[in-house]
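**Student:** For reference, the structure I am asking about is given below.
The values are calculated or read from the model by the stated rules, or taken from the named source; none is laboratory data. As the structure is a prediction and not an experimental result, all values here were calculated from the model. Don't worry about glycine lacking a Cβ; one is built from the backbone with ideal geometry, like all the others, and counts go over all protein chains shown.
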C-alpha cells in the first residue's frame, strides 16, 4: 500500500548529500519564495535585472535558519533549474551571510552526480576565486536599491562547517514543530 504521508526530508547531510528544492532559477529576476503555511511557491517581488541570481537558489526542507526561513542553498549548475524541482546535492561549503542583522546562511551545493568536463566539484576551491567574488558581490549589493547596507558577507566555510549549520537548522525546525 502506498504511503501518502511521505515528506521530503533534509537528506543524508552527515555523509555530504542533502535534498534541496529550487526556488529561483539561475539568471532570474523573480524573487520566488516557498510559503510553508500554504505549501506552495509565491512571487515575492521582481528584482531589477542587475540583481538577477548568479546561480540557482533553493532551500533544504525541514530546516530553519536563524532568520526563521528554511536554510538556503546555492545550487551550482551550468543550466538554470526550474522552480519546484528537488534534487540530491553534494555539500561543498557555506556562505556566511547576515541580512538585516540575522544569520542567513547559504549552503553551497552541486548536483550529487554532476560532473564538469570530467572533473567533480568537491570543494569551494574547485569553483575558483572569481566565482566566490561574484557571489559575494551579489549578496553584498542585491538590496542596495531597496535597503542599502543591510547585508553583510562574513566569509566562507567548508563542507564540515556547512554540515554543522544544517544540523543546527534541523534542530531549530524540530523544536519549532513541537511547539
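**Student:** Taking the condition under 24 Å from residue 98 (Cβ atoms) and assigned to a loop (DSSP other than H, G, I, E, B), does residue 26 pass? So that I can check it myself, show each step before the final result.
**Tutor:** Numbers: under 24 Å from residue 98 (Cβ atoms): yes; assigned to a loop (DSSP other than H, G, I, E, B): yes.
Considered against the rule, which asks whether it is under 24 Å from residue 98 (Cβ atoms) and assigned to a loop (DSSP other than H, G, I, E, B), residue 26 comes out as yes.
**Student:** Kindly indicate whether residue 70 is more than 30 Å from residue 122 (Cβ to Cβ) and surrounded by 14 or more Cβ atoms within 10 Å (Cβ to Cβ). Quick ask: steps written out before the conclusion?
**Tutor:** Numbers: more than 30 Å from residue 122 (Cβ to Cβ): no; surrounded by 14 or more Cβ atoms within 10 Å (Cβ to Cβ): yes.
In short, no.
**Student:** Please go through (1) more than 15 Å from the chain's Cα centre (by Cα); (2) in contact (Cβ under 8 Å) with a residue 12 or more places away in the chain; (3) farther than 18 Å from residue 63 by Cα; (4) surrounded by fewer than 13 Cβ atoms within 10 Å (Cβ to Cβ) for residue 82 and return the number of the only condition it doesn't satisfy.
**Tutor:** So the condition that residue 82 fails would be (1).
**Student:** Test of understanding: among 112, 167, which residue is at pLDDT 95 or above, surrounded by 12 or more Cβ atoms within 10 Å (Cβ to Cβ) and out of contact with any helix residue (DSSP H, G or I) (no Cβ under 7 Å at 6 or more places or on another chain)?
**Tutor:** 167
**Student:** Additional query: Could you say whether any residue in region 144-163 is at pLDDT 95 or above, closer than 27 Å to residue 29 by Cα and in a helix (DSSP H, G or I)?
**Tutor:** Checked against the condition, which is being at pLDDT 95 or above, closer than 27 Å to residue 29 by Cα and in a helix (DSSP H, G or I), region 144-163 yields at least one hit.
**Student:** I would also like to ask the following. How many residues does region 30-60 contain that are touching a strand residue (DSSP E or B) at 6+ places or on another chain (Cβ under 6 Å), in a loop (DSSP other than H, G, I, E, B) and modelled with pLDDT of 95 or more?
**Tutor:** 2
**Student:** Moving on. Which residues, counting only those in region 91-103, are at pLDDT 95 or above and either surrounded by fewer than 21 Cβ atoms within 10 Å (Cβ to Cβ) or in a loop (DSSP other than H, G, I, E, B) (or both)?
**Tutor:** Initial filter on region 91-103 (at pLDDT 95 or above): 91-96.
Matches in region 91-103: 96 only.
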